[in-house]
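The structure under discussion appears below in the form of structure tokens.
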Amino acid sequence: MVYALIEHGEKVVLTAYGASESRPRENWSEFFEPYETAHDITSVFENEQPVVHDGEDHFGPYRSVLIPLRESNGDVFVVAAEVYIHEVNEKLRQTLRHSIAIAVVPLVLVVLVSIGLSARITRPVMSLAAHTRRLADDDFQPDSREQEKVQEIADRSGDEVSELAESFVVMENRLESYLEELERETAARERIESELEIARKIQEGFLPRNFSPFPDQPRVDLYAMMDPAKQVGGDLYDFFFIDPDHLCFFIGDVSDKGVPASLFMTVTKTLLRSTASRGLAPEAILTEVNQALCAENDTGQFVTVFCGILTISTGDLVVADAGHNPPFLVDSRRFHVGMIGKDESGTVLGIFDELHYSEKPLHLDPGDTFFLYTDGVPEAQNTEDELYETGRMQAVFAKAGENRTARELIELLYEDVTRFTEGAPQSDDITMLAVRFV
């Protein structure tokens, strides 16, 4: 409500009056009606300063603002505005309701649209997730009905979910091909492993396994072992009597490992035995076998061999070396362990066919042990990449004490190598042969 006031004599009267919702037109006052109020309005005319007044009448609480103005003739009049608090509150409530309505309607629309879009996305995604779980539960065996559902998702409009489903289809097809290929490879691997197991047994059959081989020869105590790094190895050993008084033995190491080395090892062992059986000396045995290997060796493989012939009646021993590790002589009489022929190794077999090997005479006293080995023993590595080396071998022999059998010496050394390499993969075949003259 807006009204104007002037001083008329000693009274303050209304000169203008505006209607409001609380005071409709039929309740207007007459002009120049004296203005009665609870507060002193005359101060506004006197001080000519605006006044804010809070009051209450039969319409309710209100707030008045009175502003004095001066006319050109010097008279002062007051313009006043009066607002009822309940009207302001009602306007605020209306405004709030309108604001909420304006805000909520778009929000509801956004939520509804979001729910629709979310359902459009989440349902197929959840379907894909369930399909993946079922695929895993069924050991990756695809189900045709499930595949059709995934394909339907992939065939719909080109959004991200359909692209994801298409990726699932591609993945499943590749997985199916992979499983088929894996099944074929597994079958092939099992067949190869079976064949390797047969090859291992055949190889073991080529090597002597009876270590009471000569019961009618009490002066010979002999033992050997081979532990291949793979299922089949390239190491070899053999021992047999050429005649009642001469024992031939040899040990060898093929340059490769696995099946190729095993085949080359079998050929070499066969040649060595057949050549030695003719009664040849060690140097002649190595010379002839080398020529035979060179004639048909297109793969470039080679083999190191140490060959010896022991005369049982005397203890005399003749040896020849084709690039092999120098053997140990465990001298029981003086309890001395030494390496034989360390700097006298010949050339390996299978490379140069014009070679002629030399031999060396030795003598074994009763109780002496002639110990042969392949490089899988001194070159055995532990987890720190340290080599076992021949020094540790010599220490084992020294600690073994007197009157150890050939088998005991080999088992002591093998146990020490195993302790040294514990936790490290075996890198080479380990083969040992001990001949003890009793």
- [ ] For residues that are over 22 Å from Pro326 (Cα atoms), buried (at least 17 other Cβ atoms within 10 Å of the Cβ) and modelled with pLDDT under 95, tally how many sit in the stretch 265-285.
- [x] 2
Task: Of the criteria (1) more than 17 Å from Ser345 (Cβ to Cβ); (2) part of a strand (DSSP E or B); (3) more than 52 Å from the chain's Cα centre (by Cα), which one Val318 fails - done: (1)
Open item on the list: So if I check each of Val254, Val305, Val289, which one is crowded, with 16+ Cβ neighbours inside 10 Å and modelled with pLDDT under 95?
Closed with: Val254
Open item on the list: Name the single residue that is surrounded by the most Cβ atoms within 10 Å (Cβ to Cβ) among those in the stretch 388-422 being touching a Pro at 6+ places or on another chain (Cβ under 6 Å) and touching a residue at least 12 places away in the same chain (Cβ under 8 Å).
Closed with: Tyr388
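Just for the stretch 228-240: of the residues that are touching a Pro at 6+ places or on another chain (Cβ under 9 Å) and part of a strand (DSSP E or B), which one is modelled with the lowest pLDDT?
Taking the stretch 228-240 as the starting set, the residues that turn out to be touching a Pro at 6+ places or on another chain (Cβ under 9 Å) are 229, 234-235, 237-240.
Among the residues that remain, those that are also part of a strand (DSSP E or B) are: 235, 237-240.
Details: Asp235: 91, Tyr237: 95, Asp238: 96, Phe239: 96, Phe240: 95.
The qualifying residue modelled with the lowest pLDDT is Asp235.
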TODO: Could you grab me the full set of residues in the stretch 231-251 that are under 17 Å from Ile309 (Cα atoms), of a type in the set (Val, Ile, Thr) and buried (at least 22 other Cβ atoms within 10 Å of the Cβ)?
DONE: Ile251
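Against the condition in contact with a His (Cβ under 7 Å, 6 or more places away or on another chain), hydroxyl-bearing (Ser, Thr, Tyr) and modelled with pLDDT of 90 or more, how does Thr347 come out, does it pass?
Details: in contact with a His (Cβ under 7 Å, 6 or more places away or on another chain): no; hydroxyl-bearing (Ser, Thr, Tyr): yes; modelled with pLDDT of 90 or more: yes.
It is false that Thr347 is in contact with a His (Cβ under 7 Å, 6 or more places away or on another chain), hydroxyl-bearing (Ser, Thr, Tyr) and modelled with pLDDT of 90 or more.
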- [ ] Hey, could you check the stretch 367-387 for residues that are of a type in the set (S, T, N, Q) and buried (at least 21 other Cβ atoms within 10 Å of the Cβ) and say which is nearest to Lys230 (Cα to Cα)?
- [x] Thr374
Open item on the list: Being more than 24 Å from Thr15 (Cβ to Cβ), loosely packed, with under 12 Cβ neighbours inside 10 Å and either modelled with pLDDT under 80 or in contact with a Ser or Thr (Cβ under 8 Å, 6 or more places away or on another chain) (or both): is that true of Leu112 here?
Closed with: yes
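For the stretch 406-432, name all the residues that are part of a loop (DSSP other than H, G, I, E, B) and either at pLDDT 95 or above or on the phi < 0 side of the Ramachandran plot (or both). Give the steps one after another, and end with the answer.
The first filter runs over the stretch 406-432 and keeps only residues part of a loop (DSSP other than H, G, I, E, B), leaving 421-429.
Within the stretch 406-432, Thr421, Glu422, Ala424, Pro425, Gln426, Ser427, Asp428, Asp429 meet the criteria.
The values are calculated or read from the model by the stated rules, or taken from the named source; none is laboratory data. Note that the structure is predicted; figures quoted are calculated from it, not measured. A quick note on method: Cβ atoms are made from the backbone with ideal geometry, for glycine too, and the neighbour counts reach across all protein chains shown.
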